[in-house]
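The values are calculated or read from the model by the stated rules, or taken from the named source; none is laboratory data. Computed from a prediction, not measured in an experiment: that's the story for all the values here. Cβ atoms come from the backbone with ideal geometry, glycine included; neighbour counts cover every protein chain shown. SASA here: full protein model, heavy atoms, side chains in, ligands and nucleic acids out. Shrake-Rupley method; radii C 1.70, N 1.55, O 1.52, S 1.80 Å.
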Amino acid sequence: MEELLKKAMAGDKTALESIITQHQDMIYNLALRMLWHPEDAKDATQEILIRLITNLGKFSFRSSFKTWLYRLATNHLINYKQKHFRYPLTFELHENFLQSGLAEDISYSQEEGVRKLLVQEAKIGCSNAMLQCLDASQRAVYILGEILELNSQEGAEILEISPENFRQKLSRSRKKMDRHTRRNCGLVNPENACRCHRRVDQGIDIGFIQPDELLFVPNQASESLVATVEEIASHIQLLASNPEYEAPEKVVAATQELLQKI
């Protein structure tokens with residue numbers, strides 16, 4: 001990687017394109033967890049890739065490139081103006097949503113493949129929405145420390161705070177997420193009434209789930225995307241079980257077009 005970076009910094013476009021290709025999926029998945037909506041994540045990813053291109057010369061090799069890139073991306077995402085979550089989502093609002101409108105079954109379709117996709121859409125959308133209940137700074141800490149499992153030294157370096165401060169922030173975010181999921185999510189606590197399949201009908205009614213244009217479950221079926229989630233035992237597994245995504249073609253094409261202009 002060091003040799004590739006030096007080539008890119010010396011003006012080698014092929015090396016630069018290789019660096020972007022290797023890291024664009026990582027950036028998109030971070031953006032999706034931070035911003036919830038794929039369109040916001042696409043736009044933010046493109047902006048971060050542009051910042052990568054224009055700021056690469058500032059990389060000093062004092063830290064790992066991955067840490068440097070996560071810092072660049074996270075700083076951008078914490079301050080990103082979302083189009084689809086313009087108003088703060090709170091744990092109270094999310095709890096009210098989870099405790100109302102539960103259906104006994106999915107009435108939209110009896111076809112097993114369709115039902116699995118709708119349940120997965122509900123699960124991913126809801127678990128990512130939980131993250132939006134944390135403010136942007138808390139969300140970044142939680143994603144880095146809990147979902148991506150970076151240690152406190154790595155997380156602190158990315159957020160430019162002390163490891164102790166990172167651990168304290170992560171502990172507070174964990175407690176908030178744990179309390180919320182244990183009070184509401186039936187996958188975490190079987191005593192709760194909410195289950196992903198019981199959310200589907202209401203999700204369709206209010207437009208949260210659009211069966212003909214799923215946000216989180218691509219219609220190319222892979223086993224990981226349509227797998228059932230009944231065995232998920234904790235809020236960490238609930239979020240970590242969400243699929244990893246490839247950066248959309250829109251992002252890739254726009255970045256390649258930019259590279260041609262350099």
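Could you work out how far the C-alpha centroid of the range 53-103 sits from that of the range 129-198, in angstrom? Taking the Cα centre of each part, the range 53-103 and the range 129-198 sit 13 Å apart.
A 1.4 Å probe, protein heavy atoms only, puts the accessible area of Arg174 near 100 Å². Which FRET efficiency value, to the nearest 0.05, is calculated for Phe91 and Leu4 with the Förster distance at 45 angstrom and r the Cβ-Cβ distance? Efficiency at R0 = 45 Å is approximately 0.55. Taking loop as defined by DSSP and a crowding limit of 12 other beta carbons within 10 Å, which chymotrypsin sites (Phe, Trp or Tyr not before Pro) in the range 32-141 fit? Answer in residue order: Phe61.
Keeping every protein chain in place, order Met9, Met34, Met1 by accessible area at 1.4 Å, biggest value first, i.e. largest first.
The most accessible residue leads, giving Met1, Met9, Met34.
Using a probe of 1.4 Å on the protein chains alone, the accessible area found for Cys194 is around 10 Å². Close amide H pairs (under 5 Å, H built 1.01 Å from N) link Cys194 with Gly186, residues at least 5 positions away or on another chain.
In this calculation the C-beta distance from Ser107 to Asp178 is compared with R0 = 30 Å, giving a FRET efficiency of 0.35. For Lys81, a cut-off of 18 angstrom between C-alpha atoms picks up these lysines, skipping any fewer than 8 places away in its own chain: Lys42.
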